[in-house]
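The values are calculated or read from the model by the stated rules, or taken from the named source; none is laboratory data. Predicted, not measured: the structure shown is a model, and the values here were computed from it. Here the Cβ positions follow ideal geometry from the backbone for every residue, glycine too, while neighbour counts run over all protein chains shown.
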Amino acid sequence: MKTRSRLSRIVRSGWSTLQRIGRLSPASVINTIALGAWRVLRIRLSWWVVIGVAAVAVLYRGAWTPIVRDVVIAHYAHARAGPIVPFDPGYSESVVWTPPGAEDLGRWATWGVETNSPWILRYTKLIVPYMAYEGLTSQVVYPDSSIFEPRAGTDSFLNGGYAIVPNLGRIIVSVNDRYVDDMRMNDARSVLSVLVHELVHIQGGDFLARPDEEIRDTKGNVVAWREGTSARLESATEAATQEILAAMCNFGDKLACRSFWMNLEDLARGDLMYRAMKARVPWVYEAWSNLSFRNRDQEIASAKRMRYWNRHWFALMEQLEKYNVRAWSQVRDGICGQPLNTGLTQMITPGRFFILGLDFDDTRLLLGRSGIFLRLWC
Ligand SMILES: [Zn+2]
C-alpha cells in the first residue's frame with residue numbers, strides 16, 4: 001500500500017512538472033503520446049510489409065517483380081507528394097509582362113529574360129544555376145524568353161511545354177498556360193517539373209538533337225528528326241529533371257520536394273500503365289488508379305482522357321515509353337550509382353575535355369529507405 005501511494009505521488013508530481021514545463025493539458029499529453037505511438041506502429045507495420053514483399057520479390061524474381069516495385073513506389077511517392085498545389089503565378093495573359101514602374105526598361109526590367117509571369121521568371125533564375133551546381137553542364141544556358149503560352153488544338157491537352165534552341169536566335173522556354181488557367185490542371189508541382197524539364201533541354205548535349213539526327217529541307221530548315229532521337233533526348237531530359245528537383249528539394253525548396261515525389265509517382269505509374277496496355281488489360285491499371293489515387297472528379301476526368309487515347313493508342317504507348325519507361329529506367333540506374341551521360345563536356349586543360357555524367361546523389365539521399373528498397377533491383 002505504501003509503495004503504491006509513493007508511486008502515485010511520483011506520478012502526480014511528474015505529471016504536474018510536465019504540465020508546468022510544457023503548459024500542456026492532460027488530454028494533449030495523452031494525445032501526443034498516443035499519436036506518436038500510433039505513428040511509430042504504423043510506420044513499422046508498413047515497412048515490415050514493404051520489406052516482406054520485397055524479400056519475396058527478390059527470392060522469386062520473375063516478370064512480376066518490377067510490378068511489385070512500381071506499385072510500392074507509386075503508393076509511397078503519392079503519399080509524400082501530398083495534395084495538389086493550386087497557385088497563381090501572376091500570368092499576364094499576354095505576350096510580355098513588365099514590373100509596374102519599369103516599363104521603359106523593356107526586357108532589362110526582367111534581367112534580360114522576356115517573360116509574362118513573375119513566378120516563371122523567379123523560378124527560371126533559381127533553376128538554371130543548379131545545372132552547373134549539379135555538374136550537368138559546365139556552362140549554363142539561360143533562355144531569352146521564359147513564358148506561359150497557350151497551345152493550339154489537341155496540343156493544349158497533350159503537351160506540357162517546349163524548348164526552342166535555334167542555331168542563332170532566341171532561346172525560348174514555354175509552359176502550356178492550361179496549367180494555370182484550367183481548373184483541372186492548375187498545380188504548381190506540375191508547372192515546376194515542366195519548367196525544369198524545358199530548362200534542362202536548352203543546356204544542349206544529349207538533351208537536344210545532334211546535327212546528324214536532324215533531317216533538313218533544301219533551305220536548311222530542320223523538318224524532322226531521325227527515328228529514336230526524340231525518345232533518346234526526352235528520356236534523358238526527364239531523368240535529369242528528377243535529379244535537379246531532388247537537388248532543389250535538398251537545398252530547401254519545399255515545392256520542389258512535392259514536385260519530386262509527384263514526378264516519381266508518375267514515372268512508376270507510367271511504367272505500370274505501359275505494361276498493362278502491352279498486356280491488353282489497361283482496365284487493371286485504371287481500376288487500381290481509381291481505387292488508390294483518384295477522387296470521383298479525377299476519375300471522371302481520367303476516363304475522359306482515356307476516351308481520347310483509345311483512338312490514339314500507339315501515340316500513348318510512344319509517350320509512355322519515352323517519358324516513363326525509359327526515363328524511369330535511367331533514374332533507377334542513377335540510384336544504383338550509374339551517372340547519366342549528359343553529352344556535355346568540361347575542359348580539364350586546353351584541348352583536353354571529359355564528358356560530364358550526372359550523379360543522382362540527391363535523388364538517392366531523398367529516397368532514404370525507399371532507395372534501399374529500389375536498390376534490390378540494381
Ligand atoms: Zn521534352
Among (1) of a type outside the set (Ser, Thr, Tyr); (2) surrounded by 19 or more Cβ atoms within 10 Å (Cβ to Cβ); (3) in contact with a strand residue (DSSP E or B) (Cβ under 8 Å, 6 or more places away or on another chain), the one test that ILE127 misses
(3)
Selection count, region 212-242, where residues are farther than 26 Å from PRO339 by Cβ and aliphatic (A, V, I, L, M)
4
Among the numbered conditions (1) touching a residue at least 60 places away in the same chain (Cβ under 8 Å); (2) in a helix (DSSP H, G or I); (3) within 14 Å of the ligand (Cβ to nearest atom), tell me where VAL191 comes up short.
(3)
Region 250-276: number of residues that are more than 15 Å from the ligand (Cβ to nearest atom), in a helix (DSSP H, G or I) and in contact (Cβ under 8 Å) with a residue 24 or more places away in the chain:
18
Can you tell me which residue in region 227-249 is surrounded by the most Cβ atoms within 10 Å (Cβ to Cβ), limited to those that are farther than 13 Å from PHE207 by Cβ and away from the ligand (no atom under 14 Å from the Cβ)?
LEU245
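Every residue, every condition in (1) among the aliphatic types (A, V, I, L, M); (2) within 11 Å of the ligand (Cβ to nearest atom), yes or no:
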site	(1), (2)
VAL200	yes, yes
ASP206	no, no
GLY220	no, no
VAL223	yes, no
The lone condition ARG294 fails out of (1) under 19 Å from GLN319 (Cβ atoms); (2) part of a loop (DSSP other than H, G, I, E, B) is (1)
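Scanning for something under 21 Å from the mean Cα position of the chain (by Cα) and closer than 20 Å to ASP182 by Cβ, does region 106-121 turn up at least one residue?
For region 106-121, residues under 21 Å from the mean Cα position of the chain (by Cα) and closer than 20 Å to ASP182 by Cβ: present.
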Given the condition modelled with pLDDT of 95 or more, away from the ligand (no atom under 16 Å from the Cβ), assigned to a loop (DSSP other than H, G, I, E, B) and in the same structural domain as GLY343 (by TED's automatic domain parsing), answer yes or no: does some residue in region 169-179 qualify?
yes
Just one of the numbered conditions (1) part of a helix (DSSP H, G or I); (2) closer than 29 Å to TYR91 by Cα; (3) not charged (D, E, K, R) is not true of ASN186; which one?
(1)
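Results for (1) within 20 Å of VAL85 (Cα to Cα); (2) modelled with pLDDT under 95; (3) of a type in the set (D, E, K, R), shown as yes or no for each residue.
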| residue | (1), (2), (3) |
| --- | --- |
| ILE244 | yes, no, no |
| ASN250 | yes, no, no |
| ASP253 | yes, no, yes |
| ALA256 | yes, no, no |
| ALA287 | no, yes, no |
Could you please let me know if GLU134 is free of Cβ contacts under 8 Å to residues at least 24 places away in the same chain, touching a helix residue (DSSP H, G or I) at 6+ places or on another chain (Cβ under 8 Å), over 25 Å from MET185 (Cβ atoms) and not β-branched (Val, Ile, Thr)?
no
Out of PHE353, PHE314, report the one residue that is touching a strand residue (DSSP E or B) at 6+ places or on another chain (Cβ under 9 Å) and either part of a helix (DSSP H, G or I) or in the same structural domain as ASP155 (by TED's automatic domain parsing) (or both).
PHE353
Restricting attention to region 156-166, does a residue exist that is within 20 Å of the chain's Cα centre (by Cα), of a type in the set (A, V, I, L, M, F, W, C) and within 12 Å of the ligand (Cβ to nearest atom)?
yes
When the residues of region 281-301 are filtered to those that are under 15 Å from MET185 (Cβ atoms) and of a type in the set (D, E, K, R), which remaining residue is surrounded by the fewest Cβ atoms within 10 Å (Cβ to Cβ)?
ASP297
Check on VAL96, in a loop (DSSP other than H, G, I, E, B), in contact (Cβ under 8 Å) with a residue 60 or more places away in the chain, within 27 Å of ARG178 (Cβ to Cβ) and hydrophobic (A, V, I, L, M, F, W, C):
no
